[in-house]
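The values are calculated or read from the model by the stated rules, or taken from the named source; none is laboratory data. Everything numeric here is computed off the predicted structure, so don't read it as measured data. Positions of Cβ are backbone-derived with ideal geometry, glycine not excepted, and every protein chain shown enters the neighbour counts. Only protein heavy atoms, including side chains, enter the accessible area calculation; ligands, DNA and RNA are left aside. Shrake-Rupley method; radii C 1.70, N 1.55, O 1.52, S 1.80 Å.
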Amino acid sequence: MNIHEYQAKELFEQYNINTPLGFVTNSTEDVEGIINKLNGKAVIKAQVHAGGRGKVGGVKLVNSAEEGNIIAKELLGKNLVTHQTNKSGVPIEKLLIAQTLDIKKELYVSILIDGDLASPVFIASTEGGIDIEEVADTQPEKIFRIKCDPLIGLTPYIARDLSRKLNIPEKSIKESSNLFINLYKLFIENDCSLVEINPLIITDNDEIIALDAKVNIEDDALFRHKNLEKLYDPNQLDPLEERAISANLAYVKLDGGEVGCMVNGAGLAMATMDTTKNAGANPANFLDIGGSADQAGIEEAFKIITDDSDVKIILVNLFAGIARSDIVAKGIIKAAEETKSSLPIVVTMRGTNADEGLELLEKSNLNITTASDLFEAAKILTKILPNLGA
Ligand code: GDP
Ligand code: MN
């Protein structure tokens with residue numbers, strides 16, 4: 001789960017990680033008062049669950065309360081489209097208005113879990129303020145990766161070593177090392193999957209301050225962080241993704257495809273997408289109904305797929321173990337009737353009650369083709385697809 005920058009910075013403050021003084025608001029009426037409190041100069045930052053705001057006007061420096069007012073009116077209530085969002089962007093419902101600082105150097109620091117190393121990894125670079133992907137492409141030698149043994153944690157020695165690699169001035173090394181240790185503590189204690197500071201700045205006075213803050217909490221650990229769970233902001237998600245989360249389904253939108261894939265299980269989803277692609281068609285999304293979805297869940301799953309306007313054809317690939325094929329078939333039939341969807345559906349089912357499921361589907365009045373396996377289903381797809389555009 002993603003949280004907003006201002007919320008991440010509140011968490012930083014709890015761990016003694018310095019952030020610029022700032023105030024958050026959802027109303028343009030507060031803006032002038034806040035900027036006056038900050039002595040007439042401020043940075044106004046759109047609070048959205050996406051990076052890359054600076055490049056598209058979502059982070060603006062202002063030199064007066066009046067100027068701030070104009071910028072705030074431009075931002076609040078609009079959608080911000082950055083390279084990390086989809087075409088429609090994400091709504092700006094809040095602004096963080098913060099003191100400006102004199103930046104001597106922008107650094108990059110993050111911690112994430114490296115699955116291959118099975119441990120947290122610190123990633124840091126002297127080249128902060130720009131996308132880390134860009135640094136990785138153009139100056140990979142300027143990125144440091146440091147594995148943190150989960151049993152030992154981040155030791156002061158490693159924190160100091162990292163500070164030196166980042167060319168932090170000698171007199172600030174104690175401060176930066178403490179910051180890295182505190183950041184690691186925050187990461188572990190809150191079950192984060194990512195914390196990122198880009199940029200972490202060195203000011204003209206050699207202070208080390210987190211100018212930006214990104215924190216992702218591992219969804220599966222949220223149950224033990226009730227205070228963080230409350231920060232869930234459904235408005236920042238794609239509406240279809242939000243519906244899927246509410247229905248306990250895993251929905252992933254994919255760019256440029258036309259096949260809506262309904263499957264059960266992540267591995268089967270991967271195999272389904274590979275086979276679809278191999279046959280010459282492209283997935284528009286995949287929706288994993290899991291093992292335990294009831295008929296209502298299946299209906300919602302089908303509706304989410306049909307509400308994705310890119311979908312021209314639906315592929316259902318079911319390997320029913322705990323799931324029951326007849327329940328899935330009933331859910332599909334009911335949802336298709338309710339939505340009056342005329343999208344062609346190609347279905348392959350095996351496992352529990354597969355014969356009953358297929359019979360129900362074949363007897364329905366829907367535009368359904370059944371296939372004996374995934375490879376046949378993919379072939380059928382690629383035969384039907386060219387006729388749909390015509
Ligand atoms: P992002 O583009 O969404 O990652 O937003 P950031 O919070 O990282 O801001 C983008 C850039 O704006 C930073 O890299 C800084 O260069 C600049 N910026 C943000 N806050 C300040 C500030 O207080 N003073 C100055 N001079 N620049 C700032
Ligand atoms: Mn940033």
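Give, as residue ranges, the strands (runs of 3 or more DSSP E) completely inside the stretch 283-390 that count at least 1 residues that are in contact (Cβ under 8 Å) with a residue 60 or more places away in the chain.
Numbers: elements: 283-288, 313-320, 345-351, 368-370.
Counting at least 1 such residues, we get 313-320.
Yes/no per residue for (1) surrounded by 15 or more Cβ atoms within 10 Å (Cβ to Cβ); (2) within 16 Å of ligand 1 (Cβ to nearest atom):
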residue: 191; (1), (2): yes, no
residue: 210; (1), (2): yes, yes
residue: 214; (1), (2): yes, yes
residue: 226; (1), (2): no, no
residue: 231; (1), (2): yes, no
residue: 257; (1), (2): yes, no
residue: 263; (1), (2): yes, no
residue: 266; (1), (2): no, no
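With in contact with a helix residue (DSSP H, G or I) (Cβ under 8 Å, 6 or more places away or on another chain) and either over 30 Å from residue 280 (Cα atoms) or open to solvent by 40 Å² or more (accessible area, probe 1.4 Å) (or both) as the only criterion, which of 244, 250 stands out?
250
Considering only the stretch 65-72, I want to know if a residue exists there that is β-branched (Val, Ile, Thr) and in contact (Cβ under 8 Å) with a residue 60 or more places away in the chain. It would help to see each step written out before you state the result.
Applying the first criterion (β-branched (Val, Ile, Thr)) to the stretch 65-72 yields 70-71.
If we keep only those that are in contact (Cβ under 8 Å) with a residue 60 or more places away in the chain as well, we get none.
The answer is no; no qualifying residue exists.
Within the stretch 43-78, how many residues are of a type outside the set (Lys, Arg) and in contact with a Phe, Trp or Tyr (Cβ under 9 Å, 6 or more places away or on another chain)? Give the steps one after another, and end with the answer.
Our first condition is that a residue be of a type outside the set (Lys, Arg); within the stretch 43-78, this holds for 43-44, 46-52, 54, 56-59, 61-72, 74-77.
Restricting the remaining residues to those that are in contact with a Phe, Trp or Tyr (Cβ under 9 Å, 6 or more places away or on another chain) gives 47.
Residues in the stretch 43-78 being of a type outside the set (Lys, Arg) and in contact with a Phe, Trp or Tyr (Cβ under 9 Å, 6 or more places away or on another chain): 1 in total.
If we only count helices (runs of 4 or more DSSP H) wholly inside the stretch 3-84, which ones have 1 or more residues that are polar (S, T, N, Q), more than 16 Å from ligand 2 (Cβ to nearest atom) and in contact with an Asp or Glu (Cβ under 7 Å, 6 or more places away or on another chain)? Don't jump to the end; show me each part of the working.
Details: elements: 5-14, 31-37, 65-75.
The helices (runs of 4 or more DSSP H) meeting that bar are 65-75.
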